[in-house]
Amino acid sequence: LRASDYRNRVVTTILYLNSSTLDHGGHLRCYHRDIDNEDNTKDTFDDIPPKGGTIIIFDSSRLEHSVQPSTMNKLAFTCWINGVMAS
């Protein structure tokens, strides 16, 4: 994809359609920055498994994310809503 194809995405919806519950990778990785009581920052992430029947909706303009490699084909329906979010 060109940068202009995804720059204006504000909402992403993913519905996993695969029937397999075995772990073959393909997790959605969501990155976030944690701040502790002493104002120290630490970059962390959460992985969401691509379990069939799971739907994920998130603000893709604010949440850094990626899809991890998979050792098997995964089926998903993805919908992107483009626009500009108010600050």
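When the convex hull of its Cα atoms is viewed from all sides, region 12-87 shows a mean projected area of 6.5 nm². Residue by residue, region 25-41 carries 3J(HN,Hα) couplings of x, x, 5, 7, 9, 10, 8, 8, 10, 9, 10, 8, 5, 9, 6, 8, 9 Hz when phi is fed to the Karplus relation 6.51 cos²θ - 1.76 cosθ + 1.60 (θ = phi - 60°); x denotes Gly or Pro. Surface composition of region 37-77: carbon plus sulfur atoms contribute 52% of the solvent-accessible area (1.4 Å probe, protein chains only, all chains present).
Annotation: extensible slack from residue 82 through residue 47 equals 10.2 nm (criterion: 0.36 nm per residue apart, minus Cα-Cα distance).
Residues of region 45-87 falling in the label zone of residue 17, defined by backbone nitrogen less than 12 Å from a point 7 Å along Cα to beta-carbon, are 53, 74-79. Summing charges over neighbours of residue 16, with a neighbour being any other residue whose Cβ is under 11 Å away from its Cβ, gives +2 when K and R count +1 and D and E count -1.
The values are calculated or read from the model by the stated rules, or taken from the named source; none is laboratory data. Everything numeric in this text was worked out from a predicted model, so none of it was measured. Neighbour counts are summed over all protein chains in view; Cβ atoms, including those assigned to glycine, are modelled from backbone coordinates with ideal geometry. Side chains are part of the model used for accessible areas, which takes the heavy atoms of the whole protein and leaves out ligands, DNA and RNA. Shrake-Rupley method; radii C 1.70, N 1.55, O 1.52, S 1.80 Å.
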